[in-house]
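Below are the C-alpha cells for one structure; questions will follow.
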C-alpha cells in the first residue's frame, strides 16, 4: 500500500465505507423533511433534471465572426457510468445546426453503383436496424494538453469532445448492396446537408464492416445537433468522419481529398510531412473523479474513477497511479467492454493529505498502451496536434485542490 | 405429383434465394440520375463546365472573401496564402499554397461551403475564377491565367508529395 501511494484493493473500499453509511442513516431518522408529507409534482411530457442538478455543456466556443461554427464539451466530471445524456453530448459544427424538415430530406446512394437511388426518412424507418454502444471523439479532443503550459481546467473542458451513446441505425452495407455497389471501388464520400456541406472520404472496407446510418441516439430520434434526421456513424474513427445530416454517399475509386481531410484533419510532424487518413482514435483514458478544479474536503478514502476507450478495439485493462507514474495498480473495469465501447474504471484510494498526482493508463485489445504526454508529442509539429492521447495527470495539492499538470 | 407441380416446385426452389433477399430488403429507394457526386476529387469527376480567370476571380474575391481572408489571403486564422517552407519550422503555417495537396479541393470546398453565410451562391464560372485567384495569391498561377476543369485538374500543388496515406499502409501490412 505504501508503494502505490494509497491506492487500495476494491474490497477494502467496500468494507471501509460501511460504518460511514450506517452513521448517516441514524442521523437522518430524526427529521421530517417537507417532501415526506403531501403531494409532489405531477407527471411531465418530457422530463428534465432535478432542480438541484445543474448540468451544462462546457467551453462553448464559436468563431468570433460566426458563433455557430464551433464546439461544446461534455461535462465528464459531472457524469458517471459510460453513457452521455443526449442533452450533454459534445457538439462540433462547422456552420451551425441546420433545421431540416425530414419530409424534404433524402439520402442518396450514388457514384459507382448499378442503381443510384434515394431514400426518404420514413422509408429508412422501415429498414432493419442495429443498436450499439459506441463512443464518438473529436480528433481535436484534449488539444489543450498539447500546449506548452498546463491549463487549470476541468476534465470535461480538457477532454470532453468525447461522448458515448447507444446508437441505432441501418447498416450502411444494406443500402450499398441495395444500390448494387461496384466491388472494385475502394472509397466512399459522405456528404452532409448543412450549409458547410461537410464531406469526408471513408474507406469502403471500413464502411462495409460496421458503419451505420444512425437514426436514434439513446433511444430517441437524433437531436438536431447530432444530425437529425440521420447521420453516418463510423465506429472507432475520428468524429468528423461520422457525417451529420447525411444526404449523400458516393461510391468511388480513391479518396476525394476533401478540405477537411487535407487542410484540417491531418497530422503534421516536425519534419514537415503529414499523415493523412489516420482515422482510428487511439487508446485513451481520463480520470473524471477526482479531477481538475475539484477539491478533496478531507483526508480519507475516495473512489478514483474514469473512462477508457479505444478506436482499435476493446479496452483490456486500466492501471491507475497516485504517484505520477512511479507505481501502478490495476483498476476494476465495471462495465462490459466491447469494440469501440467505453468502459468505466474504478479503484479506491486513501488520501493522507500528502501531495499526489493521479493518472490512468489504458491498454486495448490491439496491444496498444496509452503513452505519456511526452511520448505522444514526440514527433508532432508544434500547435497542430490532432489525435492526442497522452496520459492525463491530476495534481492533488496539500490543500486538496486538484489541477491539471504536465510532468 | 404431376409434372406441372414438379416444375413449379423446381421453379420455386430456384427462385428461393432471390425471393428471400427481396423479402428481407424493403427496396424503397427511388431511382435518381447517375452523374451525381458527393465530393470532387483529383480526377475532377463532377467538375462542371465553365471557366474563370485570375482577374475575374479577383472581383469575386474582393466582393465575397476579402472581409474574412484579407486583401492578400493572409488574415491570421483564415490564411489562404503564404507559409511556403514553414511546415518543418517552429511556426508551421498551413495554407492552400503551403499545405494542400490538390487544387480540385479548392473548387469542391468553395462551391459547397463558401462564402460563409451565403453558401451555394457562386456560379461555376465564379468558383473557377476565385479558385484561380487563390492560386495566384500563392504564386501558383500567373495573373493572366484562367481555370476550367482540365486546367484545374492539371495544377500540381507544391505540397503534393507531403502526405502519407496511413490508412492504406495499415490495410496492406
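Taking into account only those residues within region A:107-132 that are assigned to a strand (DSSP E or B), surrounded by fewer than 19 Cβ atoms within 10 Å (Cβ to Cβ) and touching a residue at least 24 places away in the same chain (Cβ under 8 Å), which is nearest to the other protein chains (Cβ to nearest Cβ)?
Going through the qualifying residues, I end up with A:130.
Can you list residue pairs whose Cβ atoms sit under 8 Å apart, with the first residue in region A:148-173 being under 19 Å from residue A:212 (Cβ atoms) and the second being part of a helix (DSSP H, G or I)? Count only pairs 6 or more apart in sequence or on different chains.
Filtered contacts from region A:148-173: A:163/A:88; A:165/A:86; A:170/A:124; A:171/A:210; A:172/A:207; A:172/A:208; A:173/A:207; A:173/A:208.
Got at least one residue in region A:381-389 being buried (at least 19 other Cβ atoms within 10 Å of the Cβ), modelled with pLDDT of 95 or more and more than 22 Å from the chain's Cα centre (by Cα)?
No, region A:381-389 contains no residue that is buried (at least 19 other Cβ atoms within 10 Å of the Cβ), modelled with pLDDT of 95 or more and more than 22 Å from the chain's Cα centre (by Cα).
When you scan region A:268-324 for strands (runs of 3 or more DSSP E) that lie fully inside it, which ones turn up with 1 or more residues that are within 13 Å of chain B (Cβ to nearest Cβ)?
Filter on region A:268-324 gives A:274-276.
Where residues in region A:201-245 are closer than 16 Å to residue A:99 by Cβ and assigned to a strand (DSSP E or B), which of them is nearest to the chain's Cα centre (by Cα)?
Per the criteria, the residue is A:231.
Regarding region A:47-63, can at least one residue be identified that is touching a residue at least 40 places away in the same chain (Cβ under 8 Å), touching a strand residue (DSSP E or B) at 6+ places or on another chain (Cβ under 8 Å) and within 14 Å of another protein chain (Cβ to nearest Cβ)?
no
A further question follows. Does residue A:247 satisfy the condition of being modelled with pLDDT of 95 or more and in contact with a helix residue (DSSP H, G or I) (Cβ under 8 Å, 6 or more places away or on another chain)?
So residue A:247 does not fit the description; no.
Still on this structure, please answer the following. Which ranges mark the helices (runs of 4 or more DSSP H) fully within region B:76-173 that have 1 or more residues being facing another protein chain (nearest Cβ under 8 Å) and touching a helix residue (DSSP H, G or I) at 6+ places or on another chain (Cβ under 6 Å)?
B:104-113
Shifting gears a bit: Any residue at all in region A:305-315 that's under 21 Å from the mean Cα position of the chain (by Cα), surrounded by fewer than 21 Cβ atoms within 10 Å (Cβ to Cβ) and more than 30 Å from residue A:235 (Cβ to Cβ)?
No, every residue in region A:305-315 fails to be under 21 Å from the mean Cα position of the chain (by Cα), surrounded by fewer than 21 Cβ atoms within 10 Å (Cβ to Cβ) and more than 30 Å from residue A:235 (Cβ to Cβ).
To keep it simple, each residue is scored yes or no on (1) assigned to a loop (DSSP other than H, G, I, E, B); (2) under 14 Å from residue A:244 (Cβ atoms).
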residue: A:56; (1), (2): yes, no
residue: A:61; (1), (2): no, no
residue: A:69; (1), (2): no, yes
residue: A:77; (1), (2): no, no
residue: A:84; (1), (2): yes, no
residue: A:92; (1), (2): no, yes
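Moving to a separate point now. Checking residue A:254 against (1) in contact with a strand residue (DSSP E or B) (Cβ under 9 Å, 6 or more places away or on another chain); (2) within 14 Å of chain B (Cβ to nearest Cβ); (3) at negative phi; (4) outside any strand (DSSP E or B): exactly one of these is not met. Which one?
(3)
Then there's this: Being within 17 Å of residue A:253 (Cα to Cα) and more than 12 Å from chain B (Cβ to nearest Cβ) is the filter; apply it to region A:158-194 and report the residue that is surrounded by the most Cβ atoms within 10 Å (Cβ to Cβ).
So the residue we want is A:181.
How many of the residues in region B:83-94 are buried (at least 18 other Cβ atoms within 10 Å of the Cβ) and farther than 27 Å from residue A:252 by Cβ?
Of the residues in region B:83-94, 4 are buried (at least 18 other Cβ atoms within 10 Å of the Cβ) and farther than 27 Å from residue A:252 by Cβ.
While we're on this one: So which of B:52, B:70, B:44, B:57 is surrounded by fewer than 20 Cβ atoms within 10 Å (Cβ to Cβ), in contact with a helix residue (DSSP H, G or I) (Cβ under 8 Å, 6 or more places away or on another chain) and more than 9 Å from every other protein chain (Cβ to nearest Cβ)?
So the residue among B:52, B:70, B:44, B:57 that is surrounded by fewer than 20 Cβ atoms within 10 Å (Cβ to Cβ), in contact with a helix residue (DSSP H, G or I) (Cβ under 8 Å, 6 or more places away or on another chain) and more than 9 Å from every other protein chain (Cβ to nearest Cβ) is B:44.
Residues to consider are A:344, A:361, A:330, A:350; find the one that is surrounded by fewer than 17 Cβ atoms within 10 Å (Cβ to Cβ) and either over 21 Å from residue A:4 (Cβ atoms) or at pLDDT 95 or above (or both).
It is A:330.
The values are calculated or read from the model by the stated rules, or taken from the named source; none is laboratory data. As the structure is a computational prediction, the values presented were derived from the model and not from experiment. All Cβ positions, glycine included, derive from the backbone under ideal geometry; neighbour counts span all protein chains shown.
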